[in-house]
Amino acid sequence: MTTPTLDHPTFKLVKDAFPGKKFLATEFRGQSTLIVEPADLHEVMVFLKSDPRADYCFLSDVSGVDYLNYPAEMPGRFAVHYNLICFNRDDRFFVKTFVNPSLPTDGIVPDPTLVVDSVCDLWAGAEWMEREVFDMFGIRFRNHPDLRRILMWEEYPAHPLRKDYPLRGRGERDQYKVVDRTSG
Amino acid sequence: MPYTLKPDQGFDTDVEQTGYLKQHVDTGDRWVLNFGPQHPATHTTLRLVLELDGERVARCTPHIGYLHSGFEKLAEHLDYNQWVTVASRMNYLSPIANDICWHHAVETLFGIDLTPRCKVLRTIIAELARIQDHLLCVGAACLDLGAFTGFLYGFNPREKIYDICDYISGQRYHSDWTRVGGLMQDLPDEETFKRMIKNFLHADLTPAIKDMEGLVLRNRIFLDRTRGIGILSKEDAIAWSTTGPCARASGVRRDLRKDAPYLCYADNWDGQGAEAVKFSVPVCEEGDVLARFLVRLEEIKQSIKIIDQLIDNIPGGPIDTFADAKMTKPRKTDVYGSIEGLIQHFQLIMSNRGWKAPIAEAYGANETANGELGYFIVSDGGARAWRVKARPPSFINYSLMQKLTEGHMIADVVAIIGSLNIVAAELDR
């Protein structure tokens, strides 16, 4: 595996703007990713959006990743991955933050450590993307205007894209009762 | 059990406190209409809970997930070639564009550069897919607004695109035509392919576009129903992560084909200094339903221009990158005819072998008919992706629905859904 070239100008900008904060950085095939602590996430995002030298006006996507038993060492189990674009420079930049669970991850009990600040106040379009991450991974977003599950129904007993959720066997259709007009 | 038109207390409205919605004022006359999940004008399975004040929408709450079938979970259990059959079922208005985008992302991860012939063929087919999608979107909009003729005028030429897909891949609908580093097979006969495309573009599509424009653009009813409806400002389009024709109709000058070029949209695509294909990106400033349809109609014409530039200049040579290396599946004739081909085939197919992917993550995106379709792939070095996150343009454009419909008449809801071109299979995955 090649060593990453960390020459993206935004790395330096962020480092200079937040002295004393801990950042990690990585790069692969020209795509640069900044890894921030969950506590610093919102502050860094405000900087990336509003600073004229960074100017990331567009949030393209938010995704969750579960690194349970991943072959490479990762700073945490769950990652939330933000995909930002600066229109003026046609520049795509990725920001990532890692959180660790404190409860067993096979249910839907709210986990106090699986919480990340919402970026809905910066990019309104993050609302549904964060709802999807919450639905699929159970990562909650602080200050989200309307954090409900989006694809699965509210009572669904798991967050299905977690790695400890099997492809088959749980949540199959025949385990639910049929509701029709006669069931009143 | 009999049910009344006026829903009683227990009705599931899920009224939420979203900041941008106007404060709920109870006039006592409000009633709730459940729109969908099965309704002809929702195109597929999606549900809106509309809170109506007479015929005016006071609040609109979209509920999605009815077609959720775990595409992203499946991606963790199917290899890089197999999942194309699933990706192709996302936006089924232009299935082959999903194939091309998925393998674009995989090739970004693997660092594969395609052969010029493969790039040209993929570009031509990607533009055909764009035409296919826009024709249905504009046609179905006519249908939703009560003009059945417009729908048929859009649907007829689409049939010819299916014939072309059938010819190149053997499947009309879900072609599953791309493979890692190449295509499923070369063209059966290049002259026939060229003739089919040219016939389609100039004998079928051009007159059909003219007919559709004639039906729509000077049609008083259509204009009254679409002009000034569902206006999206440029600032909102950017804040709500809108891409594609919906964003460009609001004045956002952004198209990945120009801004992050790939395939033949990039300069020097054949490694010998070939120029990028020439086309322009139509942009409207109005941001209403009509503007979205106008942008789409204009994009069809630009796609014709792109294909015309490429169709007579399809380079020769192989369609797979470095066919002797370990990334692409060998041709069937090699599998059956040579020991090396057979071994390579087994190396990729056996469940304990497969691709040696880098342990890394990469994002690849294409400008498809609805906007930026991207795949974020996390790889653990094995034959299957560790995690695939699709960035479906429908999902992200649809989050605008609440905002766009509020204050409009109930009949306009249908026009707005049509103009956003929501495909529920892509929405829910």
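Computed quantities for the displayed model
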| read-out | value |
| --- | --- |
| The listed residue being open to solvent by 60 Å² or more (accessible area, probe 1.4 Å), of a type outside the set (F, W, Y) and either within 14 Å of another protein chain (Cβ to nearest Cβ) or on the phi > 0 side of the Ramachandran plot (or both), out of A:R92, A:R29, A:R77 | A:R29 |
| Selected residue (criterion: least open to solvent (accessible area, probe 1.4 Å)) from residues of the stretch B:47-79 that are in contact with a strand residue (DSSP E or B) (Cβ under 7 Å, 6 or more places away or on another chain) and of a type in the set (G, A, S) | B:A75 |
| Selection from the stretch B:362-408 of residues that are part of a loop (DSSP other than H, G, I, E, B), among the charged types (D, E, K, R) and more than 11 Å from every other protein chain (Cβ to nearest Cβ) | B:E406 |
| Residue list for the stretch B:391-429, filter: touching a strand residue (DSSP E or B) at 6+ places or on another chain (Cβ under 7 Å) and of a type in the set (S, T, N, Q) | B:N397, B:Q402, B:T405 |
| Residue selected from the stretch A:124-139 under the condition more than 18 Å from A:S60 (Cβ to Cβ) and in contact with an Asp or Glu (Cβ under 7 Å, 6 or more places away or on another chain), by the criterion farthest from the other protein chains (Cβ to nearest Cβ) | A:G138 |
| Among the residues listed as B:N352, B:N313, the single one being in a loop (DSSP other than H, G, I, E, B), of a type outside the set (D, E, K, R) and at pLDDT below 80 | B:N352 |
| Candidates B:S394, B:S419, B:S338, B:S399, filtered to the one that is crowded, with 21+ Cβ neighbours inside 10 Å and over 16 Å from A:M129 (Cβ atoms) | B:S419 |
| Test: residue in the stretch B:146-162 that is β-branched (V, I, T) and either open to solvent by less than 10 Å² (accessible area, probe 1.4 Å) or under 19 Å from the mean Cα position of the chain (by Cα) (or both) | yes |
| Number of the exception - A:T113 against (1) over 30 Å from A:S50 (Cβ atoms); (2) part of a loop (DSSP other than H, G, I, E, B); (3) away from chain B (no Cβ under 11 Å) | (1) |
| Residue within the stretch B:341-357 that is within 13 Å of chain A (Cβ to nearest Cβ) and either over 26 Å from B:L143 (Cα atoms) or open to solvent by less than 40 Å² (accessible area, probe 1.4 Å) (or both) present | yes |
| Selection within the stretch A:67-103 - over 18 Å from A:R140 (Cβ atoms) and of a type in the set (V, I, T) | A:I85, A:V95 |
| Cβ-Cβ under 8 Å pairs, at least 6 apart or on other chains, the stretch A:1-22 side closer than 11 Å to A:V44 by Cβ and open to solvent by 90 Å² or more (accessible area, probe 1.4 Å), far side in a helix (DSSP H, G or I) and of a type in the set (A, V, I, L, M) | none |
| Elements of type helices (runs of 4 or more DSSP H) in the stretch B:158-240, at least 2 residues being out of contact with any Asp or Glu (no Cβ under 7 Å at 6 or more places or on another chain) and more than 30 Å from A:L59 (Cα to Cα) | B:190-198, B:206-216, B:220-226 |
| Flag if B:R117 is among the charged types (D, E, K, R), touching a His at 6+ places or on another chain (Cβ under 7 Å) and surrounded by fewer than 24 Cβ atoms within 10 Å (Cβ to Cβ) | no |
| Test: residue in the stretch B:284-293 that is under 30 Å from B:T405 (Cα atoms) and within 14 Å of another protein chain (Cβ to nearest Cβ) | no |
| Hits in the stretch B:365-390 (condition: without any contact (Cβ under 8 Å) to a residue 24 or more places away in the chain and open to solvent by 10 Å² or more (accessible area, probe 1.4 Å)) | B:D380 |
| Residue that is least open to solvent (accessible area, probe 1.4 Å) [pool: residues in the stretch A:32-44 that are more than 14 Å from A:A79 (Cα to Cα) and more than 14 Å from chain B (Cβ to nearest Cβ)] | A:V44 |
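To keep it simple, each residue is scored yes or no on (1) in a loop (DSSP other than H, G, I, E, B); (2) under 17 Å from the mean Cα position of the chain (by Cα); (3) free of Cβ contacts under 8 Å to residues at least 12 places away in the same chain; (4) more than 30 Å from B:K356 (Cβ to Cβ).
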{"position": "B:Q82", "(1), (2), (3), (4)": "yes, no, yes, no"}
{"position": "B:T85", "(1), (2), (3), (4)": "no, yes, no, no"}
{"position": "B:R89", "(1), (2), (3), (4)": "yes, yes, no, no"}
{"position": "B:C101", "(1), (2), (3), (4)": "no, yes, no, no"}
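The values are calculated or read from the model by the stated rules, or taken from the named source; none is laboratory data. This structure is a prediction, so every number in the text was calculated from the model and none was measured. Every residue, glycine as well, gets a Cβ built from its backbone with ideal geometry; the counts of neighbours run over all protein chains shown. When the accessible area is computed, the model is the full protein with side chains, heavy atoms only, and any ligands, DNA or RNA have been set aside. Shrake-Rupley method; radii C 1.70, N 1.55, O 1.52, S 1.80 Å.
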